[in-house]
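Structure record follows, encoded as structure tokens.
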Amino acid sequence: MYASFWSLCLALLFLLVLGTPAISSRVLELSDRFIDVRHEGQWLVMFYAPWCGYCKKTEPIFALIAQALHATNVRVGRLDCTKYPAAAREFKVRGYPTIMFIKGNMEFVYNGDRSKDELVDYALRMSGPPVQLVTRTDSVDMLKGSHTIFFMFVGPQQGIVWDTYYAAAEGYQEHGFFYATSEDIAAQHFDFEQLPAVIVYKEEQHHFYPHGHVAHEMDPNDVNETIFQWVNVERFTLFPKVTRFNIHQLLKTKKFLVLAVVQEDKLSQIATHELEFRDMVEGVIRKHRPRYHDKFQFGWIGEPSIAHSIILDQLPTPHLIALNSTTQHHYLPEDDPLQMTPQALHLFLESIGNESATAYGGDTYFVRVNRALFELKRSLREMWRGNPVLMTVIFGLPLGFLSLIMYSIFCGDCLVTEEEQDEDHEKKE
Ligand SMILES: *[C@@H]1O[C@H](CO)[C@@H](O)[C@H](O)[C@H]1NC(C)=O
Ligand SMILES: *[C@@H]1O[C@H](CO)[C@@H](O)[C@H](O)[C@H]1NC(C)=O
Ligand SMILES: *[C@@H]1O[C@H](CO)[C@@H](O)[C@H](O)[C@H]1NC(C)=O
């Protein structure tokens, strides 16, 4: 009875959606009945609680996303988990907000930046097949205009390179765009010599997976490993903005992560002297890409507290920090960053590369305990600023508090607290 009523509503909604863009571009308010209709189409859903501050911050962004996606087959909705706990249980929602892409029986939890552009890109990626075929030459121009990075397979869609490329695209669909096209179309855009070719296009340049044409002579395991690893490291631009969300992906490159730290204000403005420092670093590494590409991934941080979490200390801005992504040791330049010349930057990078620079921190038990305490202090400060009432409630729950400490000590991946999420305090009570 309810189900059919709902279907009717949904059908009406679809009519409205198709007929009038103004209504379709709204965020749909979902309820427990969403469990029944989740299989119908594709959804980007925010699971939220009315009291959660981060949810409120994400709300206007979701409105923009709904507008941006209104012409696609992705529907944008939100679900109040305090009103509809059955749905929250069904989707195993553990913190607020949780953003999920849902298609068919599959659901994917979004872990990236909660910005409009990132989320729209994400929804578009997830809504298609892992590899999309490009059949017109002007489509490649469009891709070049609309994506900062994409991967392209060129050649007959068969054989080990194709199979592995497809598998890698499935594995990394949440993180990148993957396409395939014919030799004729590709020839008008890229200068490849042999086929099959696997290309990454970024920042107006293209680079090749180095073993494409000889792969049939290689051990299949090596082909698999090298393509996955190549995609894993090439999916980043030369100098991305690093946040608490994407830093975990950047660390998966297993390279040294070298980050320029500056202070961005609420309007994303950066002071001139800090901007000059950041531009100096970017200029040097852009000019010397081949020299550092194998061992280093660069980036910049606009929120110094991320850097503080890495070195467990305060740090004046602008600054430069380097991080060994395997051991989590970090390095700091000896000179005052403001006086740093390109030459000094080269020396700093070389001394990290040959491991003669002094390494701090690491991932020992002692550092972990320190890190947990540091993060706890930071979270408490932030939570107090965000919601003094909630804090009072938490202090009344010493047990929950203790478990929070234990959790941070024993979790394996504490480098930077992973999510800007409000824990689900209601359930603990
Ligand atoms: C290929 O490599 C990936 C990543 O290392 C791994 O997850 C996958 O199982 C491998 N596939 C095969 C067929 O070996
Ligand atoms: C990190 O440190 C380990 C141990 O010293 C070293 O083997 C590795 O090459 C270093 N570099 C990176 C990028 O992980
Ligand atoms: C490492 O690199 C630094 C900077 O270029 C250099 O001064 C030092 O001699 C190098 N050390 C080794 C062991 O190669």
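Observations on the structure shown:
- Within the span defined as the range 132-147, one or more residues are within 17 Å of Leu69 (Cα to Cα), open to solvent by 60 Å² or more (accessible area, probe 1.4 Å) and not assigned by TED's automatic domain parsing to the domain that holds Ala71.
- Total residues in the range 293-329, condition without any contact (Cβ under 8 Å) to a residue 60 or more places away in the chain and either of a type outside the set (Ser, Thr, Tyr) or within 16 Å of ligand 1 (Cβ to nearest atom) (or both): 14
- Test: residue in the range 299-319 that is within 16 Å of ligand 3 (Cβ to nearest atom) and in contact with a strand residue (DSSP E or B) (Cβ under 8 Å, 6 or more places away or on another chain): no
- Meets criteria (at pLDDT 90 or above and surrounded by 13 or more Cβ atoms within 10 Å (Cβ to Cβ)) for Ala66: yes
- Those strands (runs of 3 or more DSSP E) lying entirely in the range 254-373 with at least 1 residues more than 16 Å from ligand 2 (Cβ to nearest atom), closer than 28 Å to Tyr209 by Cα and open to solvent by 20 Å² or more (accessible area, probe 1.4 Å): 296-301
- Among the residues of the range 154-207, the ones that are part of a loop (DSSP other than H, G, I, E, B) and either within 16 Å of ligand 3 (Cβ to nearest atom) or among the β-branched types (Val, Ile, Thr) (or both) come to 0 in all.
- Qualifying residue in the range 193-214 (condition: at pLDDT 95 or above, open to solvent by 60 Å² or more (accessible area, probe 1.4 Å) and away from ligand 1 (no atom under 13 Å from the Cβ)): yes
- Residue in the range 230-243 that is out of contact with any His (no Cβ under 7 Å at 6 or more places or on another chain), assigned to a strand (DSSP E or B) and open to solvent by 30 Å² or more (accessible area, probe 1.4 Å) present: yes
The values are calculated or read from the model by the stated rules, or taken from the named source; none is laboratory data. None of these values were measured; they are calculated from a predicted model. Every residue, glycine among them, receives a Cβ derived from its backbone with ideal geometry; neighbour counts consider all protein chains shown. Each accessible area value is taken on the protein alone, full model and side chains, heavy atoms only, with ligands, DNA and RNA left out. Shrake-Rupley method; radii C 1.70, N 1.55, O 1.52, S 1.80 Å.
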